[in-house]
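What follows is a set of notes on a single structure, which appears directly below.
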Amino acid sequence: MLKQTGLMIVENEEISVKGIGEIILAGDIGCTTFNEESRNVVEKILKNRCDFFIFLGDIVSSGGREEFEEVISFCDQRTERPIFALCGNHDLPDYQKMLGRSTYAVILNNTVIIALDNVADLTAVREPDLLFLEETLKKHKDDKRFVILFHIPPPTDISSLHMDEEKWKGIKKVLDNFKEKIDCIICGHIHGFQEYYHEGYHIFITGGGGAKLHDLEKDQVKKHHALKLKINDKGISGIEVVSVG
């Protein structure tokens, strides 16, 4: 298991972690400011038992160092588990100064979790990051399955706040060569929950991690929440909603 606890500073392209059974993923914890409600939700999420957490972007409201320091301090005092992060559009410009790499892979026994930055270049993925995605999929395709993470989701009918078709095609062109090995795509950005399929991909939007919820007609949860990813010897064994009441 990783020695670092709290919000991780990611310096390497790949991080290997053994013995993982459960991961908690939360989206959009602080993009409508890290206020009392956000703190209450995040604190409850961090009380869940798991091997590590992942924050799916929009950790802060306007991307400044002081905001990051506040959230990092809050989280570090409330969990002894590692927290990996994804860069959201609200996390610019200081995300990389505070938390390191915004595209990287976490290598588990039978699963690779790939965090992909799709906000740094106006919701498109930059060529170096697409190359990293392709190389990582190729490298591990023979013995592992994949979970793909990025902040802004593929096209969906829950909200207009998704990436447009052309930008999705840039990612999909790489993913399609490995589709049968990809268990799911998990994103944030839209402050609600949706589980859906798009062009053969099983997709989860989970944006109920602390920020003010959007008023979405098709929100399948309609409350603050996180996701629990369960992993066994064969890969992903289940995904469930963790409600925060």
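Checking residue 33 against (1) among the β-branched types (Val, Ile, Thr); (2) without any contact (Cβ under 8 Å) to a residue 60 or more places away in the chain; (3) touching a helix residue (DSSP H, G or I) at 6+ places or on another chain (Cβ under 7 Å), which test does it fail?
(3)
Select from segment 75-100 the residues that are surrounded by 20 or more Cβ atoms within 10 Å (Cβ to Cβ) and out of contact with any Ser or Thr (no Cβ under 9 Å at 6 or more places or on another chain) and write down the one among them that is nearest to residue 44 (Cα to Cα).
Going through the qualifying residues, I end up with 75.
Going through segment 21-34 one residue at a time, which ones are among the β-branched types (Val, Ile, Thr) and surrounded by fewer than 19 Cβ atoms within 10 Å (Cβ to Cβ)?
Hits for segment 21-34 are 32, 33.
Which members of segment 100-154 meet the condition of being over 16 Å from the mean Cα position of the chain (by Cα), free of Cβ contacts under 8 Å to residues at least 60 places away in the same chain and in a strand (DSSP E or B)?
Those that are over 16 Å from the mean Cα position of the chain (by Cα), free of Cβ contacts under 8 Å to residues at least 60 places away in the same chain and in a strand (DSSP E or B): 121, 124.
Any residue in segment 184-194 that is buried (at least 16 other Cβ atoms within 10 Å of the Cβ) and more than 16 Å from the chain's Cα centre (by Cα)?
Taking every residue of segment 184-194 in turn, none turns out to be buried (at least 16 other Cβ atoms within 10 Å of the Cβ) and more than 16 Å from the chain's Cα centre (by Cα).
From the list 245, 208, exactly one residue is surrounded by 24 or more Cβ atoms within 10 Å (Cβ to Cβ), part of a loop (DSSP other than H, G, I, E, B) and of a type outside the set (D, E, K, R). Which is it?
208
Name, by its number, the condition in (1) surrounded by 16 or more Cβ atoms within 10 Å (Cβ to Cβ); (2) modelled with pLDDT under 95; (3) in contact with a Lys or Arg (Cβ under 9 Å, 6 or more places away or on another chain) that does not hold for residue 137.
Of (1) surrounded by 16 or more Cβ atoms within 10 Å (Cβ to Cβ); (2) modelled with pLDDT under 95; (3) in contact with a Lys or Arg (Cβ under 9 Å, 6 or more places away or on another chain), only one is false for residue 137: (2).
Take residue 215 and tell me if it is free of Cβ contacts under 8 Å to residues at least 24 places away in the same chain and not aliphatic (A, V, I, L, M).
yes
Just the residues that are of a type in the set (A, V, I, L, M, F, W, C), outside any strand (DSSP E or B) and in contact with a strand residue (DSSP E or B) (Cβ under 9 Å, 6 or more places away or on another chain), please, taken from segment 155-205. Show your work before the answer.
In the first step, residues of segment 155-205 are kept if they are of a type in the set (A, V, I, L, M, F, W, C); the result is 158, 161, 163, 168, 171, 174-175, 178, 182, 184-187, 190, 193, 203-205.
Among the residues that remain, those that are also outside any strand (DSSP E or B) are: 158, 161, 163, 168, 171, 174-175, 178, 190.
Of everything in segment 155-205, those that are of a type in the set (A, V, I, L, M, F, W, C), outside any strand (DSSP E or B) and in contact with a strand residue (DSSP E or B) (Cβ under 9 Å, 6 or more places away or on another chain) turn out to be 158, 163, 168, 171, 175, 178, 190.
What residue, of 54, 45, 113, 107, is touching a helix residue (DSSP H, G or I) at 6+ places or on another chain (Cβ under 9 Å) and modelled with pLDDT of 95 or more?
On inspection, the qualifying residue turns out to be 107.
The values are calculated or read from the model by the stated rules, or taken from the named source; none is laboratory data. Everything numeric in this text was worked out from a predicted model, so none of it was measured. Reconstructed Cβ throughout: ideal geometry from the backbone, glycine too, with neighbour counts over all protein chains shown.
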